[in-house]
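The values are calculated or read from the model by the stated rules, or taken from the named source; none is laboratory data. What you are looking at is a predicted structure, and each value in this text was computed from that prediction instead of being measured. Cβ placement follows ideal geometry from the backbone for every residue including glycine, while neighbour counts extend to all protein chains displayed. Calculation scope for accessible area: heavy atoms of the full protein, side chains included, ligands and nucleic acids excluded. Shrake-Rupley method; radii C 1.70, N 1.55, O 1.52, S 1.80 Å.
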Amino acid sequence: MAKDELMNYEKSLEQFEVVIGLEVHVELNTNTKMFCGCRNEFGDEPNTNVCPICIGLPGSLPAVNKRAIESSISIGLALGCEIAPTGRFARKNYFYPDLAKNFQTSQYDEPIAFEGSLDVEVPSGKSFTVQIERAHMEEDAGKLTHVGGSTGRIQGAEYSLVDYNRAGVPLVEIVTKPVYGAGAEAPELAAAYVRSIREIVKGLGVSDAKMERGNVRCDANVSLRPHGQEKLGTRTETKNVNSLRSIERAVRYEIQRQAAILAKGGSIIQETRHWHEDKGSTSSGRPKSDADDYRYFPEPDLVPVQPSKEWIEELRAKLPEKPADRRKRVQAEWGFADLEFRDVVNADLLDQIEETVAAGAKPQAARKWWTGELARIANSQDQDVTELNISGASVAELAGLVEAGKLNDRLAREVLTYVLAGEGSPSEIVAARGLEVVSDDGALIAAIDAALAKQPDVLDAIREGRMQAAGAVIGAVMQAMKGSADAGRVRELLIEKANA
Ligand SMILES: [Zn+2]
């Protein structure tokens with residue numbers, strides 16, 4: 001595959017205005033699927049959660065999952081949308097092996113929610129209002145696994161496997177209107193928008209919202225037009241990008257790729273594109289015209305969805321606070337400086353820190369553990385820090401042990417590795433492994449005396465005010481006690497001894 005020519009990013013923005021549009025699919029965490037009673041569960045044995053309805057056997061009759069409608073209405077309300085008093089499902093006809101029915105049941109011209117907006121803050125601190133066009137319900141398709149090729153794609157594969165467990169899982173697709181004016185920050189805005197959507201659905205409790213599991217997936221539309229031109233440029237749609245970082249990179253890549261083509265007088269092909277995480281580039285998918293004809297027609301087997309006003313108001317009353325409001329509140333409560341707070345938000349650690357503080361940790365201690373040692377460990381394991389096997393309560397306990405002087409930093413880091421390995425809570429590990437800081441004077445004095453025997457000049461040096469000489473003894477005591485000595489107490493004892 002020929003490598004794309006890219007224009008320098010700043011130069012691209014000098015010549016063109018960026019317009020983006022985002023389609024986010026949210027998988028709902030209902031107990032059962034959208035139109036049948038099969039379990040909606042990630043990771044089960046392939047093709048065990050299936051029935052005649054979700055594999056589309058002739059004569060099977062679907063029924064709408066009430067809980068899925070409730071979740072969809074809540075999402076719509078949280079995005080400030082109008083909720084449609086009546087909405088029909090439609091059949092979107094196409095053939096694909098992961099779609100056994102040969103049509104996807106979706107909402108077409110009557111989405112359940114429409115005309116909303118969401119305020120989104122980008123890492124620089126600037127805020128943008130993203131207009132939401134619609135949020136509609138649909139069902140997910142099954143999952144294909146292409147085996148034998150080097151890329152995991154169908155091209156070059158020896159055979160493919162299909163798992164229908166995901167077929168019929170409820171989805172809400174949230175579509176923005178074109179987003180203008182973000183300029184150089186368009187990639188960051190795209191990622192921040194998806195982060196906010198994720199926060200909303202997590203806050204509502206309607207989705208597990210794990211991007212790495214595909215609970216939240218984003219299709220990113222990008223087009224460019226010369227500054228001052230009214231008509232929108234031709235857009236590309238990069239499909240199924242499943243991490244915030246990838247969304248940012250994919251949008252940036254498309255801006256630079258399209259700018260290089262347009263600057264040479266070329267034209268952009270309206271198509272879907274695939275994002276390649278490893279290469280950091282996109283490649284051509286299938287052509288996509290605006291007039292794709294899926295022969296939508298109303299689903300004859302389902303009655304229209306007609307939520308009552310009372311039900312909608314009941315759900316509105318239960319909405320959690322908006323992400324932007326929550327951020328303002330917790331930042332004030334925690335007393336974080338803007339930069340500290342932005343680091344936390346950009347590292348997706350709001351939930352973790354909130355949980356840790358709720359479990360009794362001081363906000364700054366919680367922040368330091370999560371953005372420091374835990375982020376470092378996750379990074380070294382090529383993992384997301386939010387995926388580490390540790391609860392906020394454990395981090396709070398660890399911070400508490402340090403604050404009480406029972407652990408020093410080194411011991412706390414050691415205890416942390418055992419917590420992550422699943423050995424138990426910090427207190428349990430300290431007890432089981434005998435890792436507590438030794439501040440017992442008797443043991444410390446014995447170790448100090450042993451160290452002084454090898455460095456007899458140190459006491460004189462301290463008496464003369466050369467305190468740096470104490471470091472060698474403290475170091476020796478630490479070493480002798482395998483890092484478990486209370487360094488502050490060793491220092492005090494040493495000074496007492498010098499001045500005795
Ligand atoms: Zn089923």
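Quick look at the values:
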item	result
Label point distance in nm, ASN93-LEU319, each placed 7 Å from Cα along Cα→Cβ	3.9
Where only alpha carbons of segment 344-405 are counted, the Rg and the Dmax (Å)	10.8, 33
Shape category assigned to segment 77-137 from the gyration tensor of Cα positions, a/c cut at 1.5	oblate
Proximal lysines to LYS11, defined as alpha-carbon separation beneath 18 angstrom and excluding residues fewer than eight positions away on the same chain	LYS264
For segment 12-52 versus segment 78-101, the gap between their alpha-carbon centres in whole angstrom	12
Stretch gain in nm, segment ASP449-ARG463, where the contour uses 0.36 nm per residue and the Cα spacing is subtracted	3.4 nm
Where MET7, MET137 fall by accessible area, highest first, once all protein chains stay in place (1.4 Å)	MET7, MET137
In Å, descending, principal axis extents of the Cα set of segment 1-140	58, 45, 29
Pairwise label distance in nanometres, ASP278 with ASP109, each label 7 Å out on the Cα-Cβ vector	4.6
Note, ³J(HN,Hα) from phi for segment 199-214, Karplus 6.51, -1.76, 1.60, rounded to Hz, x at Gly and Pro	4, 5, 5, 5, x, 6, x, 9, 8, 6, 6, 8, 5, 5, 9, x
Tilt relative to the chain, helix 441-454 - C-alpha long axis, 0 to 90 degrees, to 10	70
Percent of Cα-Cα distances greater than 16 Å, calculated over segment 165-233	57
Under-5 Å amide H pairs with ARG273, H placed in peptide plane, nonlocal only	GLU237, THR238, LYS239, GLY285
Accessible surface of THR48 - all protein chains present, 1.4 Å probe, nearest 10 Å²	80
Overall dimensions of segment 116-247 by Cα: Rg and Dmax, Å	17.2, 50
Per-pair calculated FRET efficiency, R0 = 30 Å: ASN346 and GLU428 via Cβ, rounded to 0.05	0.35
Flagged links, alpha-carbon separation over 21 Å, of LYS126/LYS318; LYS126/LYS239; LYS177/LYS239	LYS126/LYS318; LYS126/LYS239
Förster radius 45 Å - calculated FRET efficiency between THR417 and ALA337, Cβ distance, rounded to 0.05	0.90
The chain: radius of gyration and largest Cα-Cα distance (Dmax), Å	28.8, 96
Whole-Å distance, taken between Cα centres, linking segment 200-261 and segment 318-354	24
The chain, dipole about Cα centre (Lys/Arg Cβ +1, Asp/Glu Cβ -1), debye to the nearest 20	680
Rotationally averaged projected area of segment 270-410 (alpha carbon convex hull; nm²)	15.6
Area of LEU6 that stays accessible when all protein chains are in place (1.4 Å probe, Å², to 10)	80
Reachable lysines, given that their alpha-carbon falls under 23 Å from the alpha-carbon of LYS362 and they are not under 8 places away in the same chain	LYS328, LYS406
